[in-house]
1. Using the structure shown, list the pairs from LYS87/LYS142; LYS3/LYS29; LYS13/LYS295; LYS204/LYS238; LYS13/LYS144; LYS50/LYS184 with a Cα-Cα distance above 30 Å, or answer none.
2. Relative to a virtual label point 7 Å from the Cα of ASP256 in the Cα→beta-carbon direction, which members of the range 126-168 show backbone nitrogen distances below 18 Å?
3. Using only the alpha-carbon atoms, how far is helix 131-145 inclined from the longest principal axis of the chain? Give it as 0 to 90 degrees, nearest 10.
4. What do you get for the angle between helix 107-116 and the principal long axis of the chain? Use alpha-carbon atoms, 0 to 90 degrees, nearest ten.
5. Could you work out the local net charge near LYS144, counting Lys and Arg as +1, Asp and Glu as -1, over the other residues with Cβ closer than 9 Å to its Cβ?
6. Let me see the P(r) profile for the range 72-186: every Cα-Cα distance counted, bins of 10 Å, each bin given as a percent of all pairs.
7. Please give the FRET efficiency for SER199 paired with GLU85, using the beta carbon to beta carbon distance and R0 = 41 Å, rounded to the nearest 0.05.
8. Averaged over every viewing direction, what's the projected area of the C-alpha convex hull for the range 133-286? Give it in nm², one decimal, please.
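Readers should treat all values here as calculations from the given coordinates under stated rules, not as data from a laboratory. As the structure is a prediction and not an experimental result, all values here were calculated from the model. For neighbour counting, all protein chains shown are included, and Cβ atoms are generated from backbone atoms with ideal geometry for every residue, glycine included.
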Amino acid sequence: MKKDIISILDLSKKEFEEVVSLAADLKRKRADGDIEELLHKKTLGMIFEKSSTRTRISFEVGMFELGGHAIFLNPHDMQLGRGEEVKDTARVLSRYLSAIMIRSFLHSTVEEIAKNAEIPVINGLSDKEHPCQILADVLTMKEKFGNDLSGIKVAWVGDGNNVCNSLLLSAAYTGFEVNVSTPKGYEPDSDIIISAEKSGAKIKFFENPADSVKDSNVVYTDTWISMGSEDEKDVRLKHFKGFCVNDELMKGASKDAIVMHCLPAHRGEEITDAVIEGKQSAVWDQAENRLHAQKALLVKLLLSR
């Protein structure tokens with residue numbers, strides 16, 4: 001039976017832990033030059049409605065290192081660009097590929113692909129969730145604080161976007177607490193909050209970023225202007241004033257606190273150059289871990305069928 005990863009909650013707590021643990025193992029082996037071609041002759045189709053740096057490169061390199069192959073699929077170069085039904089494309093791709101990864105504007109598009117595909121479908125990003133990012137983030141936190149993340153405080157500062165949504169859902173599996181501070185009207189999706197809390201996540205909400213960051217172990221931010229919302233830039237910059245992660249804000253965090261950002265960063269807006277380049281920054285480890293987490297996810301989905 002095929003399994004799709006559209007949401008973090010599509011993984012059970014046990015599966016979530018297995019993927020992160022496998023990611024750490026694959027990372028160690030890669031550093032030792034011990035790379036196994038676990039997905040020999042497997043092919044991943046990668047559909048990109050949104051442009052990408054980390055998602056494309058990490059999935060493509062990951063499949064190569066695992067002995068498989070990745071195909072970049074631009075919707076404008078496919079019949080999707082000429083009006084072919086999404087469900088028809090999903091059915092045809094199922095006859096050629098081992099799995100599909102899609103980076104989409106709409107979460108509903110990812111869901112429709114998954115509904116009609118006969119092979120595993122991975123949400124590489126949608127407007128609602130970014131599960132691949134969170135797997136890498138949790139691996140990064142475990143590297144910094146150990147395998148037991150219960151009691152760790154994560155402060156989310158800025159836009160309550162897709163990454164924030166997936167972070168909240170993951171809190172039920174990891175045991176860390178999430179303190180969210182966003183401008184009014186930019187909170188995480190209400191249905192995500194309900195699902196996360198129902199699953200056992202510990203979440204608190206703050207209007208003032210300094211209150212959310214106080215004594216936190218992780219300070220996490222993301223761009224205020226995601227792809228598709230560029231026309232809102234002037235309004236957003238006005239609303240997000242005071243939500244920049246800077247040296248002053250970091251003074252309230254724990255001495256061992258790390259800074260995370262899923263990139264791309266707009267330095268001087270949501271984060272300062274000094275902080276992202278500073279000694280507390282875990283941003284580059286976090287970016288690297290996309291590769292290891294996604295390799296582990298691919299192995300989990302394609303070798304368990």
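1. Result: LYS87/LYS142 exceed 30 Å.
2. Flagged as within label range: 138-155.
3. It works out to around 50 degrees.
4. Result, in degrees: 30.
5. So the surrounding residues net to -2.
6. Bins of 10 Å from zero give 13, 36, 26, 19, 7, 0 percent of pairs.
7. It comes to 0.75.
8. Hull-based average projected area comes out at 8.1 nm².
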